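The values are calculated or read from the model by the stated rules, or taken from the named source; none is laboratory data. Please read these numbers as outputs of a predicted model, since none were measured by experiment. Cβ sites come from the backbone with ideal geometry, for glycine too, and all protein chains shown count toward neighbours.
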Amino acid sequence: MVEAGTHEKGDVFVSIEDGKREVIIKSKLERLYGEAIRDTVEELTREIEAKIIVEDSGALDWVLRARLEAAIRKYRGEKI
Amino acid sequence: MKLRRTRLYIPGNNPHLVENAGLYGADVVILDLEDSVPITQKFDARILVKYSLQNVDFGKSEKWVRINGINTPYWKKDIEEILPYCDVINLPKVESLDDVDTADEEMSLIEDENGIEPRKLVPIIETVRGLKNAREIATHPRVVALAWGGEDLTADLGIPRKKALILDYVRAEIVLAAKAEKKQALDTVFSDVRNMDTLYQYAQRARYMGFDGIGVIHPNQIEVVHRAFRPTEDEIEEARKIIKAAKEAEREGKAVISLNGRMIDPPVVERARKILALAEVD
């Protein structure tokens, strides 16, 4: 499993683990932004066959994209 | 010359702080990938900083990134990821001109690959060896300013920072090294965020020492430092008189400028211009 981001305010925590493709989104603002978050997650992770968990703490779209990119690159084996 | 009175340090892996960094009017925002980012977060921070540089409005603040030092395994990837989107690379623990050349080579490579203009470089002198070589380091064409770091330097000397007697010499050396090459000199961070009176005195002292700015870690410090770097009313008045006398001398075709019976040399006129320019900034 790989992780990116934090649970701090304005951030989002993303984890990707091996398994059947599944996208789980947890956000306190799910009713307002759930769809937008899901759209971005789907757009960026479309080709990844894995379990993706996104725990949002009020992140802006650019933050979500940055954390997803970090998680995806780690999942693909990139190191620090 | 670009104003760099305040450099606001922002931890590079904190989206909330990064998002708001441009709101406070600092001359420079430094997104930090070095000391404020734990090793476990270096990867995430680098990517977050890249995205922030492309998405956050930093206002009038110049966009710097403090990357990891060239003695670490991270600095090349830092440059590769963020160079196209920032204005200045802030390179810590620079010890020699060779260090600057090494960074310069990597920067040139990325600039060529991306077809972008050369970015600037500000080395941070924070070791005794770096201080010894500061004059040479300042000669590099990519270097626009010299900064220095108190904690690491006093640690390198093995003395407690608060009791260190050598720091005025260090400051003088940084200023001389930078100014001899017509570069800016930037004083180290003032880290007591509660004490604004002491901050004002610290910043004013930095100004009279010859520095062009100091580092800050809290937005509340910015206005105080800008005020400290603003010339006093007496200085402004004196500068106005000098410029007026210079203009009169020019109009009358006189080779020598005089004010109240005193001869005014060209460097004095130049200083007066700088003072008026600094006074009119805000």
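Among the residues of segment B:249-282, write down those that are under 16 Å from B:ARG230 (Cβ atoms) and not in a helix (DSSP H, G or I).
Answer for segment B:249-282, where residues must be under 16 Å from B:ARG230 (Cβ atoms) and not in a helix (DSSP H, G or I): B:GLU280, B:VAL281, B:ASP282.
Within segment A:49-80, restricting attention to residues that are in a loop (DSSP other than H, G, I, E, B) and surrounded by fewer than 20 Cβ atoms within 10 Å (Cβ to Cβ), the residue that is farthest from the other protein chains (Cβ to nearest Cβ) is A:GLU49.
Quick check, is A:ARG46 modelled with pLDDT under 95 and either touching a Cys at 6+ places or on another chain (Cβ under 7 Å) or closer than 23 Å to A:GLU78 by Cβ (or both)? Let's see the steps before the verdict.
Details: modelled with pLDDT under 95: yes; either touching a Cys at 6+ places or on another chain (Cβ under 7 Å) or closer than 23 Å to A:GLU78 by Cβ (or both): yes.
Here the answer is yes, as A:ARG46 does meet what is asked.
Only residues that are crowded, with 16+ Cβ neighbours inside 10 Å and either in a helix (DSSP H, G or I) or at the interface with chain B (Cβ under 9 Å from one of its Cβ atoms) (or both) were counted in segment A:25-39, giving 2.
What about B:GLU62, is it modelled with pLDDT of 95 or more, surrounded by fewer than 21 Cβ atoms within 10 Å (Cβ to Cβ) and either more than 27 Å from B:GLY115 (Cβ to Cβ) or not aliphatic (A, V, I, L, M) (or both)? Show your work before the answer.
Values: modelled with pLDDT of 95 or more: yes; surrounded by fewer than 21 Cβ atoms within 10 Å (Cβ to Cβ): yes; either more than 27 Å from B:GLY115 (Cβ to Cβ) or not aliphatic (A, V, I, L, M) (or both): yes.
Yes.
Set side by side, the residues B:ASN71, B:ASN55 differ, and just one is among the polar types (S, T, N, Q) and within 14 Å of chain A (Cβ to nearest Cβ), which is B:ASN55.
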